[in-house]
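First up is the structure itself, then whatever we jot down about it.
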Amino acid sequence: MSKDQKQAWLDYSKGITIEHIKKAYNNPTSFQAEFNVVLNKLVAENNLQSAIEIGCEAGISLMLLNKSLSQSAFLDYDHTILEKVEIVCSDLKFKGIKCICEDMFTMNSIPNESYDLAYNSGVIEHYTKDIREKAIKSYTRITKKGGYVIVAYPNHHTFPYRLSYLIGRMLGKKVWPWPKEYKFYDLKDEMKAAGLNYISRTTMDRDTLFKQWVTKYKITRKFFLFLDKFMHFEGYLTVCIAQKPV
């Protein structure tokens, strides 16, 4: 990760308060809620006991999944956001919590094959293909044999999001404060390069498509809803699932 990108995330995390995290947990976004359905289903069907969210930031996704697990590990390189996550988890009386301040490309403190599920959302899209391969190999190392690696990211192959992103980037950080994102359809190559058995690509959360800053206004929303009748836009979030061979 470049120094500029790392600093951008550190700056963004500064504005996330303990109260914000609690509110977000109690009122998850539509993509967080739909992603949680996928995660919970996988955990239940495969009797998974442990999970790590890599690059967790506020950790809402893993908090939503915590009651289905025996062990929940929150990993981020920003110790200040992890301190807030730890306080929220304590206040909410979550069990089996561990916060790990590490770089996701190394995770040196984590032994091989430690977790049944390694996953993240909204992280991998900021990297080129060679760096994505490196990251997923790192995720795979700490995943148990027979366990799963799941990676979710914004879908740049759906027109409303792609347009919002491109125009937002042109207008600057006040409109689009997040680092650059790369457009890619799936992670089949990257997951296979990591030795995983690629299972599926799916998309979800069409609701968020019509809440982007370009599509949220009444007139533009109507226009994109009209286009959707013919173009059948995919959802905002892409989710790729793979399994580590036994």
(message) Only one of Ala24, Ala44 is small (Gly, Ala, Ser) and either crowded, with 21+ Cβ neighbours inside 10 Å or over 19 Å from Pro177 (Cβ atoms) (or both). Can you tell me which?
(response) Ala44
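Yes or no, residue by residue, for (1) of a type in the set (Asp, Glu); (2) over 16 Å from the mean Cα position of the chain (by Cα); (3) open to solvent by less than 10 Å² (accessible area, probe 1.4 Å):
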site: Lys95; (1), (2), (3): no, yes, no
site: Cys99; (1), (2), (3): no, yes, no
site: Glu125; (1), (2), (3): yes, no, yes
site: Ala135; (1), (2), (3): no, no, yes
site: His157; (1), (2), (3): no, yes, no
(request) Confirm whether Ser72 is at negative phi, open to solvent by 10 Å² or more (accessible area, probe 1.4 Å) and among the hydroxyl-bearing types (Ser, Thr, Tyr). (result) no
(request) Would you check which residues across the stretch 23-38 are closer than 14 Å to Leu65 by Cβ and β-branched (Val, Ile, Thr) and list them? (result) Val37, Val38
(message) So in the stretch 212-231, with the set limited to residues that are surrounded by fewer than 16 Cβ atoms within 10 Å (Cβ to Cβ) and under 24 Å from the mean Cα position of the chain (by Cα), which one is farthest from Pro154 (Cα to Cα)?
(response) Lys216
(message) Which pairs turn up if I take residues in the stretch 222-246 that are farther than 30 Å from Val149 by Cβ and look for partners that are surrounded by 13 or more Cβ atoms within 10 Å (Cβ to Cβ) and not aliphatic (A, V, I, L, M) with beta carbon separation below 7 Å, at least 6 apart in sequence or on another chain?
(response) Phe224/Pro160; Phe224/Phe210; Phe224/Thr215; Leu225/Phe210; Met231/Phe159
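So that you can scan it fast, the table gives a plain yes or no per residue for (1) surrounded by 14 or more Cβ atoms within 10 Å (Cβ to Cβ); (2) within 22 Å of Val38 (Cβ to Cβ); (3) among the acidic types (Asp, Glu):
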{"residue": "Tyr139", "(1), (2), (3)": "yes, yes, no"}
{"residue": "Tyr153", "(1), (2), (3)": "yes, yes, no"}
{"residue": "Tyr165", "(1), (2), (3)": "yes, no, no"}
{"residue": "Arg169", "(1), (2), (3)": "yes, no, no"}
{"residue": "Lys174", "(1), (2), (3)": "no, no, no"}
{"residue": "Tyr185", "(1), (2), (3)": "no, yes, no"}
{"residue": "Glu190", "(1), (2), (3)": "yes, yes, yes"}
{"residue": "Met204", "(1), (2), (3)": "yes, yes, no"}
{"residue": "Phe210", "(1), (2), (3)": "yes, yes, no"}
(request) Please identify the pairs in which a residue from the stretch 42-69 that is hydrophobic (A, V, I, L, M, F, W, C) has its Cβ atom under 6 Å from the Cβ atom of a residue that is modelled with pLDDT under 95, counting only partners at least 6 apart or on another chain. (result) Ala58/Ile16
(request) Mind telling me which of the residues Asp11, Asp78 ends up being acidic (Asp, Glu) and surrounded by fewer than 19 Cβ atoms within 10 Å (Cβ to Cβ)? (result) Asp11
(request) Could you list all residues from the stretch 14-45 that are outside any helix (DSSP H, G or I) and either of a type in the set (A, V, I, L, M) or under 17 Å from Tyr119 (Cα atoms) (or both)? (result) Ile16
(message) Tell me the residue from Thr220, Thr203, Thr215 that is at pLDDT 95 or above and of a type in the set (Val, Ile, Thr), please.
(response) Thr203
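The values are calculated or read from the model by the stated rules, or taken from the named source; none is laboratory data. Small disclaimer: the values here were computed from a predicted structure and weren't measured. With ideal geometry, Cβ positions are generated from the backbone for all residues, glycine too; neighbour counts draw on all protein chains shown. Remember, those area values only see protein heavy atoms, side chains included, never the ligands or the DNA or RNA. Shrake-Rupley method; radii C 1.70, N 1.55, O 1.52, S 1.80 Å.
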